[in-house]
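Below is one structure, written out as structure tokens, with a few remarks after it.
The values are calculated or read from the model by the stated rules, or taken from the named source; none is laboratory data. Source: prediction; values computed, not measured. Reconstructed Cβ throughout: ideal geometry from the backbone, glycine too, with neighbour counts over all protein chains shown.
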Amino acid sequence: MKNNEKRSTFSGKLGLVLSAAGASVGLGNIWRFPYLAAKYGGGIFLLIYIILALTFGYTMIIAETTIGRMTRKSPVGAFRKFGNSIWHKFGGWINAIIPILIVPYYSVIGGWVIKYLVEYVKGNGHALASSDYFSTFISNGVSTELCFIAFALMTLFIVFAGVKNGIERVSKIMMPILVVLSCVITVYSVTRPGAFEGVKYFLVPNFKNFSWMTVVTAMGQMFYSLSIAMGILITFGSYTEKEVSIENSTENVEVFDTAIAIMAGLMIIPAVFAFSNGNMENLNAGPSLMFITIPKVFDSMGLGTLIGILFFVLVLFAALTSSIALTECAVSTFQDELGWSRHKSVIILGFIMLVLGSLSSLGYGPLASIQIIGMQFLDFFDFLTNSVMMPISATCVCLLVSKVIGVDKIAEEIKSHNNPFKREKIFNFMIKYICPIFAAIILLSSVANAFGIIKM
């Protein structure tokens, strides 16, 4: 069946920037970044992260967005535009499959956020601070499943509405609110008694804390944080008009994403620092930080319930904007490759999300006895996509640009309509020589960490 729908576009630069920033600003910024920054040297980690974002991150965003705009296709079609070999098909499909695998388990975590927000609104902040609340909740299959379905339906409804009326409109509302909430909570956090030492640790580089693992972990965090190698930026690039400056838009996304990551660090590190009297061991990765430590911190503060509400609204918006971007990428692939309408694509993806998401949702409860290579379903899907598939996907993009398309063609596309490409030399050097090495380092270190060979 042929899909005759005209390809959607963003209304302009603001639509692209806010949608791409929304895709980038997600749960990884809010729970993973502060943890890694605290663990790997505070200020020195932040400095290295910013340097990598301005080089590695910049290069990959430029490359993927430009490929999308050149081809006007989602990842599969974009790769096929430059050849029909097995390698081209592999590069396209791995970029397309990643969001299809991520969005179901991401929606499960989004459901957890909804649960905590509702409980804070009901005034149950003290109960959330108990050590066993989270484990009891995720082991309850019915409760987690209902919350997961609620978040998934919110995502699907927005994507159903289309690019301009759904994704772009919601991003234009949610992202400014997200920034305001981040500022409010940051100010509150850094002004708590005892918080200043946490601020200093996070912002002031101490080269004594530098290690090779600082670089590796900052590289990995930047990679995931900027939504690189998920097919999202290729898809969003395909919705971008020719007159929009890709470089300027990329710079805006860099600044936006990094600013939110820094504010997340300032929201969480000083507050936990003050709460624990300088003991950074309380800054644990992933769910334990978001759903166990943070509620304890809020419970110990004045206005804890109000701050809890604001914080989980912020987290919900961050999760939603990323989930929308992942879903849109999958829907775009169905439209382009299978000829389905947007509405049919959204409905089919909804069924896929329900099946795969339910495995992750029930994986800590009724299905807890079933594991894959020693991991629960959610952890396995996260490992498969983030640690294995995304670095391979990034390598495919690098090879496509440097060996097939050519950096000159990329530059020509970026410079169309007299748009700037100020960092062209940096881009050319990074995409040819450095980015593939970085992707390989991320792949090897992530897999080694998952199997206990190294500890990150």
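Which one of these is without any contact (Cβ under 8 Å) to a residue 24 or more places away in the chain and touching a helix residue (DSSP H, G or I) at 6+ places or on another chain (Cβ under 8 Å): Ala150, Ala161?
So the residue among Ala150, Ala161 that is without any contact (Cβ under 8 Å) to a residue 24 or more places away in the chain and touching a helix residue (DSSP H, G or I) at 6+ places or on another chain (Cβ under 8 Å) is Ala161.
All of (1) closer than 30 Å to Leu356 by Cα; (2) at pLDDT below 95; (3) surrounded by 24 or more Cβ atoms within 10 Å (Cβ to Cβ) hold for Gly41 with one exception: (1). Among the residues of the stretch 20-45, just one is assigned to a helix (DSSP H, G or I), more than 16 Å from Ala259 (Cα to Cα) and hydroxyl-bearing (Ser, Thr, Tyr), namely Tyr35. Assess whether Tyr120 counts as being surrounded by 24 or more Cβ atoms within 10 Å (Cβ to Cβ), among the hydroxyl-bearing types (Ser, Thr, Tyr) and assigned to a helix (DSSP H, G or I). The answer is no for Tyr120. Given the criteria at pLDDT below 95, surrounded by fewer than 19 Cβ atoms within 10 Å (Cβ to Cβ) and either farther than 15 Å from Ile246 by Cβ or within 16 Å of the chain's Cα centre (by Cα) (or both), does Asn29 qualify? Here the answer is no, as Asn29 does not meet what is asked. The condition of being surrounded by fewer than 21 Cβ atoms within 10 Å (Cβ to Cβ), in contact (Cβ under 8 Å) with a residue 24 or more places away in the chain and acidic (Asp, Glu) holds for Glu337. If only residues of the stretch 48-103 that are surrounded by fewer than 24 Cβ atoms within 10 Å (Cβ to Cβ) and hydroxyl-bearing (Ser, Thr, Tyr) are counted, the one that is nearest to Ile246 (Cα to Cα) is Tyr58. Can we say Thr327 is of a type in the set (Ser, Thr, Tyr), more than 25 Å from the chain's Cα centre (by Cα), part of a helix (DSSP H, G or I) and at pLDDT 85 or above? When the stated conditions are applied, Thr327 does not pass them. When restricted to residues that are under 14 Å from the mean Cα position of the chain (by Cα) and hydroxyl-bearing (Ser, Thr, Tyr), the stretch 203-230 contains 3. Exactly one residue among Ala450, Ala439 is in contact with a strand residue (DSSP E or B) (Cβ under 9 Å, 6 or more places away or on another chain), more than 24 Å from Asn252 (Cβ to Cβ) and aliphatic (A, V, I, L, M), and that residue is Ala450.
Restricting attention to the stretch 392-408 and to residues that are part of a helix (DSSP H, G or I) and without any contact (Cβ under 8 Å) to a residue 24 or more places away in the chain, the residue that is surrounded by the fewest Cβ atoms within 10 Å (Cβ to Cβ) turns out to be Asp408. Put simply, of Phe312, Phe298 the only residue that is at pLDDT below 95, of a type in the set (A, V, I, L, M, F, W, C) and crowded, with 22+ Cβ neighbours inside 10 Å is Phe298. Would you say Val159 is of a type in the set (A, V, I, L, M, F, W, C), assigned to a helix (DSSP H, G or I) and surrounded by fewer than 19 Cβ atoms within 10 Å (Cβ to Cβ)? When the stated conditions are applied, Val159 does not pass them. The C-beta contact set for the stretch 344-355 (first residue within 14 Å of Ser107 (Cβ to Cβ), second residue in a helix (DSSP H, G or I) and small (Gly, Ala, Ser), distance under 6 angstrom, 6+ apart or interchain) comprises Leu349/Ala330; Met353/Ala152.
The residues of the stretch 79-96 that are hydrophobic (A, V, I, L, M, F, W, C) and under 22 Å from Asn386 (Cβ atoms), listed by number, are Phe79, Phe90, Trp93, Ile94, Ala96.
Residues are listed down the side, and each one gets a yes or a no for (1) under 23 Å from Ala319 (Cβ atoms); (2) crowded, with 20+ Cβ neighbours inside 10 Å:
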position: Tyr201; (1), (2): no, yes
position: Met230; (1), (2): yes, yes
position: Glu243; (1), (2): no, no
position: Ala261; (1), (2): yes, yes
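No other residue among Asn277, Asn282 is out of contact with any Gly (no Cβ under 6 Å at 6 or more places or on another chain) and closer than 17 Å to Ile30 by Cβ apart from Asn282. Which members of the stretch 412-453 meet the condition of being in a loop (DSSP other than H, G, I, E, B) and without any contact (Cβ under 8 Å) to a residue 40 or more places away in the chain? The answer is Lys415, Phe451, Gly452, Ile453.
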